[in-house]
Amino acid sequence: VQLQASGGGLVQAGGSLRLSCAASGNGFSIAAMGWYRQAPGKQRELVATMSTGGNTIYADTVKGRFTISRDNAKNTVYLQMNSPKPEDTAVYYCNVRTLGLYTYWGQGTQVTVSS
């Protein structure tokens, strides 16, 4: 499974940004897709994840501001980031978990929120 993420960049606090990640490959079935992030000097942490059935999990720090969505036909996951804060600055990683319980990571995309 290959993951191609896009959409990162510089955004002002209070603005908006959308990340996308498309999964490609053969012979896999996706159980869940999501986003993690890692800020300098910190551990990688969950931002949001969505199962193929539509169940979502959000980090408390982004609830009400970020929205995860998926296009199952395109094996693509999105993260709409509204009202980002400087503390949201991090490298964002796309994550896919298959029905076979394999986990794949994208290459990471930098998101920088200026105050």
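Would you compute, for the Cα atoms of region 33-77, the largest minus smallest coordinate along each principal axis and list the three values in descending order, in whole Å?
Taking max minus min along each principal axis of the Cα atoms, region 33-77 gives 37, 20, 14 Å.
Among all the aspartates and glutamates, which ones have a C-alpha under 19 Å from Lys85's C-alpha, if same-chain residues fewer than 8 places away are not counted?
Glu45, Asp60
Under 26 Å between alpha carbons, and skipping anything fewer than 8 positions from Lys74 in its own chain: which lysines qualify?
Result set, ordered by chain and number: Lys63.
Ignoring ligands, DNA and RNA, what accessible area per residue does the chain give at 1.4 Å, in Å²?
Per residue, the chain has 53 Å² of solvent-accessible surface.
Convex hull over the alpha-carbon atoms of region 7-89: what's its volume per residue in Å³?
Once divided by residue count, the hull of region 7-89 is 106 Å³.
Using a 1.4 angstrom probe on heavy atoms only, work out the carbon and sulfur share of the accessible area of the chain in %.
47 percent
Less than 16 Å from a label point 7 Å out along the Cα-to-Cβ axis of Asp71: which backbone N atoms in region 15-32 qualify, by residue?
18-25
What is the percent of Cα-Cα separations in region 45-115 that go past 21 Å?
The proportion of pairs with Cα distances above 21 Å equals 26 percent.
The values are calculated or read from the model by the stated rules, or taken from the named source; none is laboratory data. Predicted, not measured: the structure shown is a model, and the values here were computed from it. Cβ coordinates were reconstructed from backbone atoms using ideal geometry, including for glycine residues, and neighbour counts include every protein chain displayed. Ligands, DNA and RNA are stripped out before the accessible areas are found, and what is left, the full protein with its side chains, is counted by its heavy atoms. Shrake-Rupley method; radii C 1.70, N 1.55, O 1.52, S 1.80 Å.
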